[in-house]
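Single-structure report; data block below.
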Amino acid sequence: MAATPLRIVVVDDSPLYRKTICGILQRKENLQVVAEAEDGLAGVQAVEKHRPDVVLMDISMPVLDGFDATWIIKAKFPDVRVIVLTMHDVESISEAACKAGACCCLNKACSPKEIFQAIMTAGI
């Protein structure tokens, strides 16, 4: 019997980036994208509805930024793991991301392998 796939929500205001990440993740049998969201508020709502294991969260978004969305998600659902994916310098935002409740922070220029490793580590 196969292991249950990790359920993932992808939150990013760029439709192209969201679709690209979702396409990459869906190729892995042990990962399942259950929802996408275009801003932090929609991300919080997606987590409330789908109860994922892991959220991939952008930081700079309209309506509600990734820091605030992460804080809300972690307050309501402490078991959900949030991984920040950002175009910003990771060193400059890692501390704030961790304070908000993120388990790690990656630059969007990282490789798919690095994203998979972060997801698998977070999903433990």
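Read-outs throughout are calculated quantities, based only on the coordinates presented, and are distinct from any laboratory measurement. Remember, predicted model here, so these are calculated numbers, not experimental data. Cβ placement follows ideal geometry from the backbone for every residue including glycine, while neighbour counts extend to all protein chains displayed.
Can you tell me which aspartates and glutamates have their Cα less than 17 Å from the Cα of Lys108? Leave out same-chain residues fewer than eight positions away.
Partners found: Asp12, Asp13, Glu36, Glu38, Asp39, Asp58, Asp65, Asp89, Glu91.
Could you put Leu6, Leu56, Leu16, Leu41 in order, starting from the residue whose Cβ has the fewest other Cβ atoms within 10 Å?
Details: Leu6 21, Leu56 27, Leu16 8, Leu41 18.
Placing the least packed residue first, the sequence is Leu16, Leu41, Leu6, Leu56.
For each pair in Lys19/Lys49; Lys28/Lys99; Lys49/Lys74; Lys28/Lys49; Lys76/Lys99, compute the distance between the two Cα atoms and list the pairs where it is over 26 Å. Write down the numbers at each step before the final one.
Values: Lys19/Lys49 20 Å; Lys28/Lys99 30 Å; Lys49/Lys74 15 Å; Lys28/Lys49 23 Å; Lys76/Lys99 15 Å.
Too far apart for the 26 Å limit: Lys28/Lys99.
Which length gain, in nm to one decimal place, applies between Arg51 and Lys99 when the Cα-Cα distance is subtracted from 0.36 nm times their residue separation?
Working: separation 48, 0.36 × 48 = 17.28 nm, distance 2.16 nm.
Roughly 15.1 nm would be gained on extension.
So how strong a dipole does the chain carry about its Cα centre when Lys and Arg Cβ are +1 and Asp and Glu Cβ are -1, to the nearest 20 debye? Intermediate results must be reported in sequence, preceding the final value.
Values: 13 positive and 16 negative charges, 97 e Å.
About 460 debye.
What full-extension length gain, to one decimal in nm, is calculated for Asp79 and Lys19 as 0.36 nm per residue of separation minus the Cα-Cα distance?
19.0 nm
Out of the stretch 1-81, which GluC sites (Glu not before Pro) are coil in DSSP terms and have no more than 12 other C-beta atoms within 10 Å? Before the final figure, lay out the partial values.
Details: sites: Glu29, Glu36, Glu38, Glu48; in loops: Glu29, Glu38.
When the GluC sites (Glu not before Pro) of the stretch 1-81 are filtered for loop state and at most 12 Cβ neighbours within 10 Å, Glu29 remain.
What does the charge add up to near Arg81, with Lys and Arg as +1, Asp and Glu as -1, over the other residues with Cβ less than 10 Å from its Cβ?
Numbers: positive: Lys74; negative: Asp53, Asp79.
For residues surrounding Arg81, the net value is -1.
Ratio of alpha-carbon Rg to the 2.2 N^0.38 Å globular estimate for the chain, to two decimals, please.
Details: Rg = 12.9 Å, N = 124, 2.2 N^0.38 = 13.7 Å.
The chain yields a ratio of 0.94.
Based on DSSP H runs of at least 4 residues, each adding -39500 (n - 2.57), what is the mean residue ellipticity at 222 nm of the chain after dividing by all its residues, to the nearest 500 deg cm²/dmol? Spell out each step's value before the answer.
Details: 5 runs with 56 residues, N = 124.
Computed mean residue ellipticity for the chain: -13500 deg cm²/dmol.
Using the count of nearby Cβ atoms within 10 Å as a rough guide to exposure, how do Ile83, Ile24 rank from fewest to most? Please report the intermediate quantities before stating the final value.
Values: Ile83 22, Ile24 14.
Going from least to most buried by this count: Ile24, Ile83.
Using the beta-carbon distance between Ala3 and Gln117 and R0 = 22 Å, what value does 1/(1 + (r/R0)^6) give for FRET efficiency, to the nearest 0.05?
On the way: r = 17 Å, r/R0 = 0.78.
Efficiency at R0 = 22 Å is approximately 0.80.
What does the charge add up to near Lys99, with Lys and Arg as +1, Asp and Glu as -1, over the other residues with Cβ less than 14 Å from its Cβ? Please list the in-between numbers first.
On the way: positive: Lys74; negative: Asp65, Asp68, Glu95.
That sum, taken over residues with Cβ under 14 Å, equals -2.
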